[in-house]
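Worksheet: one structure, shown below.
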Amino acid sequence: MNILPPTVHIISKDSMQAGDVTFARTTLYLKKLSFERLTPNLFHKSQAKVDLLHQLKFLHTTLSRKGLEEFFDDPVNWGEKSVKSGDAWNIKQLRAKSSEDLHKLWYVLLKEKNMLLTLEVESKRQLKPMPSPERLEKVEESMKNIDLVVREREIALRLLQTGHEKPVPGEWRHDFLGRTYWYSYKEWPIPWYLNKKYKKRKFYYLPHVERFIRLRLEQSLRTRARRQSLEKTKQKLLERKFPHLAVKSQSQ
């Protein structure tokens, strides 16, 4: 395409004729047309009008609230002594959901947990009982079950791809005190039989340590039995102090 030079033809009124005027107008029109074709027009009139609200509505995925209202309970529940809530998500229900649904559910439960923690702190500040405090336990149990289901899927995928259950391959080993721990394999710049640092580590224990292993196991079993006994004693004391709550829990 030939670009016409930006020249201006001046035609005097005395010598202007009909043919000259037509030629001058045609020349200016061609210059303007060629300039418009070579220069990109960013504000073309034929562009489709874009609705801004139509674009923004795809970015909003939660309930429409403003500011810090997300950290507070629904105003309908304000002043209520008890709030109805469903059961916690169990593992069987979560296994039937996809990974994307679990990801969405995790953030929904996280927002609910933040709201309940805010409600708990505000109730303590006002010296009032928190309405339905069991909701927080249900949310925490649901999040724990989601974590377990996601970990199960990661382990199954890792076993299928690499044949190892752990993210880093390794094995169970003993230290010099007889404690069992997971040793993860790692790369060394030199072979193990030439590595002085590696050879200093002892992955075995001597026979006289077996007595202390039995004592440590006995101590852990006694601690667990003592903890369970204290929990049962505390539960019986609460049932004796609040008999109406004990009857209600047994009926459920």
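Matching residues to (1) aliphatic (A, V, I, L, M); (2) more than 30 Å from Arg151 (Cα to Cα); (3) part of a helix (DSSP H, G or I); (4) open to solvent by 80 Å² or more (accessible area, probe 1.4 Å):
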| position | (1), (2), (3), (4) |
| --- | --- |
| Leu177 | yes, yes, no, no |
| Arg222 | no, yes, yes, yes |
| Arg227 | no, no, yes, yes |
| Leu238 | yes, yes, yes, yes |
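Against the numbered list (1) part of a loop (DSSP other than H, G, I, E, B); (2) open to solvent by 100 Å² or more (accessible area, probe 1.4 Å); (3) at pLDDT below 85, Trp188 comes up short only at (2).
Quick one: how many residues across the stretch 76-123 are aliphatic (A, V, I, L, M), outside any loop (DSSP other than H, G, I, E, B) and open to solvent by less than 70 Å² (accessible area, probe 1.4 Å)?
Number satisfying all stated conditions: 10.
Take Tyr198 and tell me if it is open to solvent by 50 Å² or more (accessible area, probe 1.4 Å) and not aliphatic (A, V, I, L, M). Lay out the reasoning, then the answer.
Details: open to solvent by 50 Å² or more (accessible area, probe 1.4 Å): no; not aliphatic (A, V, I, L, M): yes.
Against the criterion (open to solvent by 50 Å² or more (accessible area, probe 1.4 Å) and not aliphatic (A, V, I, L, M)), Tyr198 does not qualify.
Among the conditions (1) open to solvent by 100 Å² or more (accessible area, probe 1.4 Å); (2) touching a residue at least 24 places away in the same chain (Cβ under 8 Å), Tyr205 misses just one, which is (1). Evaluated against (1) part of a loop (DSSP other than H, G, I, E, B); (2) open to solvent by 100 Å² or more (accessible area, probe 1.4 Å), Leu160 falls short on exactly one condition, (1).
Could you please find all residues in the stretch 111-155 being among the hydroxyl-bearing types (Ser, Thr, Tyr) and either in contact (Cβ under 8 Å) with a residue 60 or more places away in the chain or over 14 Å from Val83 (Cβ atoms) (or both)?
Filtering the stretch 111-155 down to residues among the hydroxyl-bearing types (Ser, Thr, Tyr) leaves 118, 123, 132, 142.
Within the stretch 111-155, Thr118, Ser142 qualify.
Among the criteria (1) farther than 30 Å from Trp89 by Cβ; (2) open to solvent by 80 Å² or more (accessible area, probe 1.4 Å); (3) not in a helix (DSSP H, G or I), the one Pro129 does not fulfil is (1).
The values are calculated or read from the model by the stated rules, or taken from the named source; none is laboratory data. In this text, all values refer to a predicted model and were calculated from it rather than measured experimentally. Here Cβ is always computed from backbone atoms with ideal geometry, including for glycine, and neighbour counts include all displayed protein chains. For the accessible areas, the whole protein counts, side chains as well, though only heavy atoms, and no ligand, DNA or RNA atoms are used. Shrake-Rupley method; radii C 1.70, N 1.55, O 1.52, S 1.80 Å.
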